[in-house]
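*Asks:* One structure, pasted below without further comment.
Derivation of every value follows stated rules applied to the coordinates shown; laboratory data play no part. No experiment lies behind these values; they were computed from the predicted model shown. Heads up, the Cβs are rebuilt from the backbone with ideal geometry, glycines too, and the neighbour counts pull from every protein chain shown.
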Amino acid sequence: MKISAALIAWNEVDTIDLCLKSLKGFVDEAVIADTGSFDGTIKKAEECLSAYHISGEVLNVKANTLGQARLAAIEKTTYDWILLLDANQVISNALKRELLESQKGGFVGMIRSLNLMGDYEHYFTALPLHSHHETLFHKTMMMWGDNYDRPIPLFRQRRLQRWAVNLSRVRSAWRYWYRGEAFTPETGREWLTKGNRQIHWLRDGRYSSLIDYVKEQEGLTFEDVKRIAPDWFLDQLQRFAKPLGPQFRKWLPEAIQEEQRDPRYRLIYQGDKIVGRHPYL
């Protein structure tokens with residue numbers, strides 16, 4: 001049974017490679033709905049699809065909700081079995097086997113994701129693991145209703161033991177700042193937070209880019225944001241980043257284990273305090 005990956009992306013140039021690398025040989029195509037990236041994500045995604053011999057395409061989508069973006073990707077897929085992921089998620093070979101077992105049993109495969117924080121060696125203590133999400137399913141198993149984030153399962157669901165890795169917080173500081181992501185334990189739903197400038201831009205509808213929206217609404221250029229965001233992000237790292245322990249390391253996807261041997265980012269300590277990150281925040 002062939003599988004189509006339906007991905008959503010926003011400024012994923014630092015993570016789309018790892019995501020698609022982990023899908024190589026597992027999915028038969030990948031459709032990526034990009035929701036307004038301005039960091040080179042679309043070009044990088046197209047390069048990775050070619051490099052990993054995954055057929056598919058990248059869509060330019062202006063969606064008011066994550067659910068709309070996901071549905072746009074699904075509607076462009078060729079095959080009936082859908083792997084629904086964000087372009088900052090990475091899966092392991094062991095998780096792939098669990099997903100296929102779930103598929104053979106006719107279940108909706110549901111997975112959690114471990115939230116890394118700042119690099120590939122720390123996790124986000126306020127929300128270490130997301131709750132289980134509908135990930136692998138046949139198109140007839142789901143419906144789209146009032147849940148504007150994900151489809152609603154109509155059939156049996158199976159919560160899988162292993163988890164994906166979410167790299168959404170392994171980014172440059174300006175991305176966090178634009179998203180206004182919630183770092184507090186009581187939420188974890190960053191798309192719905194009041195500080196999410198991305199969703200305010202989408203709902204405003206008057207500006208061609210998020211950069212233009214912020215410049216008009218807050219008087220800040222992209223260069224201003226890149227200057228002020230690192231201090232804010234460093235505060236988040238100091239409050240919420242904690243080194244991975246054995247319980248999290250044992251199930252890290254192979255692609256992430258490779259990154260740990262030659263890390264793309266590295267947090268810098270003075271004593272027990274995080275004071276920065278290489279190569280930059």
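*Asks:* Can you return the lysines within cross-link range of LYS215? Criterion is Cα-Cα under 20 Å, with same-chain partners fewer than 8 residues away left out.
*Replies:* Those lysines meeting the cut-off are LYS62, LYS194, LYS226.
*Asks:* By how many nm would the segment from LYS2 to LYS250 lengthen if fully extended, with 0.36 nm per residue of separation less the alpha-carbon distance?
*Replies:* Roughly 86.4 nm would be gained on extension.
*Asks:* When the scattering of the stretch 43-169 is computed by the Debye formula from its Cα atoms alone, each counted once and equally, what is log10 I(q)/I(0) at q = 0.09, 0.10, 0.18, 0.21 Å⁻¹?
*Replies:* Values returned for q = 0.09, 0.10, 0.18, 0.21 Å⁻¹ are -0.27, -0.34, -1.16, -1.46.
*Asks:* So if we plug the beta-carbon distance of ILE152 and ASN60 into 1/(1 + (r/R0)^6) with R0 = 30 Å, what FRET efficiency do we get, rounded to 0.05?
*Replies:* So, using R0 = 30 Å, E works out to roughly 0.65.
*Asks:* Oh, and also: Between ARG97 and TRP232, how high is the FRET efficiency from 1/(1 + (r/R0)^6) when r is the Cβ-Cβ distance and R₀ = 41 Å? Nearest 0.05.
*Replies:* With R0 = 41 Å, the Cβ-Cβ based efficiency is 0.50.
*Asks:* What number comes out for the charge environment of HIS138, summing +1 per Lys or Arg and -1 per Asp or Glu over other residues with Cβ under 13 Å away?
*Replies:* With Lys, Arg at +1 and Asp, Glu at -1, the neighbours total +2.
*Asks:* With n ≥ 4 as the cut-off for DSSP H runs, can you work out [θ] at 222 nm for the chain, using -39500 (n - 2.57) per run divided by the number of residues, rounded to the nearest 500?
*Replies:* -10000 deg cm²/dmol
*Asks:* As a test of the definition: which semi-axes, in Å, follow for the stretch 102-151 when you take the square root of five times each eigenvalue of its alpha carbon gyration tensor? Largest first, please.
*Replies:* 28, 14, 7
*Asks:* Ok, one more. Suppose R0 equals 35 Å; then what is the FRET efficiency for SER131 and LYS24 from their Cβ-Cβ distance, rounded to the nearest 0.05?
*Replies:* For SER131 and LYS24, the calculated efficiency is 0.80.
*Asks:* Running a GNM on the chain with Cα contacts under 10 Å, which residue among ILE16, ILE91, ILE152 ends up with the highest mean-square fluctuation?
*Replies:* Comparing ILE16, ILE91, ILE152 in a Gaussian network model of the chain, the most mobile one is ILE152.
*Asks:* Moving on. Between [x] 19.3; [y] 19.9; [z] 23.1, which entry matches Kirkwood radius over Cα pairs in Å as derived from the coordinates of this structure?
*Replies:* From the options [x] 19.3; [y] 19.9; [z] 23.1, the structure gives [x].
*Asks:* Run the reach check for LYS24 against aspartates and glutamates, Cα to Cα strictly under 19 Å, same-chain hits fewer than 8 apart removed. What comes back?
*Replies:* Within reach: GLU12, ASP14, GLU46, GLU47, GLU57, ASP80, ASP86, GLU98, GLU101, GLU254, GLU258, GLU259.
*Asks:* Relative contact order for the chain: what percent, with Cα pairs under 8 Å and sequence separation of 6 or more?
*Replies:* Relative CO of the chain lands at 19 percent.
*Asks:* If neighbour count is taken as other Cβ atoms inside 10 Å, put GLU223, GLU134, GLU12 in order from fewest to most.
*Replies:* Arranged by neighbour count, lowest to highest, GLU223, GLU134, GLU12 become GLU223, GLU134, GLU12.
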